[in-house]
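Notes follow once the structure below has been shown.
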Amino acid sequence: MTVELRTHDAVERAESERERIDQKVAGFERFAERVREASPDAGQRVGTSAQSVPSRSAGNALAVGTSSVGNADGVSVVREAFRDTVLPYADADSLPEAMADELSPDLAAALSPAAGAFAPGLADQLVSRAETRAEECQLLADAIATERDRAREVGDELDAVTDWVAEADETPLLQLGFEELRERHDRLADRRETCDRLVRERQATIRGTRRDGLTGIRERELLDHLYGDFEEAHPMLADLARVDDLLADCQRAVRRHLCARV
């Protein structure tokens, strides 16, 4: 008897998503740097008047106090920077939707072609928001990595159980004596206890929240994010149930042979 496990698919899904989120973190970091390069005053307190800000080329004119012509060009520069760095890893496909999702609706509106001039202080807001999003995405990537490791551990234990069953099945029950049958039944019971333990641990995990300071990721939301398109919302629990059913079937077969030997 064999069982097709979905837990290995969960490991692959978590790993691929962790890689994507890691790239998204790097994308936000590059975006913030592009804004800083275009506006050296971004992220700093400007202590001089607007008239004291040195003139810059149109492509770099993002700092507070620059002309509206330069500011208009600055909007295009920032939109292009976002398109190059963050958009490839965003959930939304279009640039306006992605900017609204990843930055904020207000910042997206301020960067729209219809906005015209680059608003004073906008560069600082963009850098701050990009840094916050990078931190949030890093927390998500860490949580996904933890989920991947947990799934891998469960998969390894399930593989060990199913491999043992496959090896044990190579010896027909008719060839086993009474004591050997009792031992087989006990070893099956031990493996069912392993499944029960893993189920309890998994259920406790699902009810948990991963925290980093004031930020938290609810485990259920993380699992929805990872396995929302899976046939089963909880692939590990489903696998544990299937393997336990397999072990129970094996135990019943052993008990029938034990009764026949009495």
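For this structure, a couple of remarks:
- Flag for THR162 being among the polar types (S, T, N, Q) and modelled with pLDDT of 95 or more: yes
- Any hit, the range 169-180, residues being open to solvent by less than 30 Å² (accessible area, probe 1.4 Å) and closer than 19 Å to LEU5 by Cα: no
- Checked against (1) farther than 30 Å from ASP245 by Cα; (2) open to solvent by less than 80 Å² (accessible area, probe 1.4 Å); (3) of a type outside the set (Gly, Ala, Ser); (4) touching a residue at least 24 places away in the same chain (Cβ under 8 Å), PRO120 passes all but condition (2).
- Candidates GLU170, GLU193, GLU157, filtered to the one that is over 30 Å from TYR89 (Cβ atoms), modelled with pLDDT under 95 and among the charged types (D, E, K, R): GLU170
- Condition met for THR146 (hydroxyl-bearing (Ser, Thr, Tyr), in a helix (DSSP H, G or I) and at pLDDT 95 or above): no
- Residue selected from the range 181-200 under the condition surrounded by 14 or more Cβ atoms within 10 Å (Cβ to Cβ), charged (D, E, K, R) and free of Cβ contacts under 8 Å to residues at least 60 places away in the same chain, by the criterion farthest from PRO235 (Cα to Cα): ARG187
- Of the criteria (1) outside any helix (DSSP H, G or I); (2) without any contact (Cβ under 8 Å) to a residue 60 or more places away in the chain, which one ILE217 fails: (2)
- Looking across the range 154-201, the residues that are assigned to a helix (DSSP H, G or I) and over 39 Å from the mean Cα position of the chain (by Cα) come down to LEU173, LEU174, GLN175, PHE178, GLU179, GLU180, LEU181, ARG182, GLU183, ARG184, HIS185, ASP186.
- First in the range 233-262 and under 12 Å from ARG184 (Cα atoms), second anywhere and acidic (Asp, Glu), Cβ under 9 Å, 6 or more apart: CYS250/ASP169
- Tabulated pairs, the range 1-24, first at negative phi and free of Cβ contacts under 8 Å to residues at least 12 places away in the same chain, second assigned to a helix (DSSP H, G or I) and of a type outside the set (D, E, K, R), C-beta under 9 angstrom, 6+ apart or interchain: GLU19/ALA141
- Residues of the range 175-202 satisfying the condition of being out of contact with any Leu (no Cβ under 6 Å at 6 or more places or on another chain) and of a type in the set (A, V, I, L, M): LEU176, ALA189
The values are calculated or read from the model by the stated rules, or taken from the named source; none is laboratory data. The shown structure was predicted, so the numbers you read here are calculated from the model rather than taken from an experiment. Positions of Cβ are generated from backbone atoms using ideal geometry, with glycine treated the same way; all protein chains shown enter the neighbour counts. Note: areas computed on protein heavy atoms with side chains; ligands, DNA, RNA excluded. Shrake-Rupley method; radii C 1.70, N 1.55, O 1.52, S 1.80 Å.
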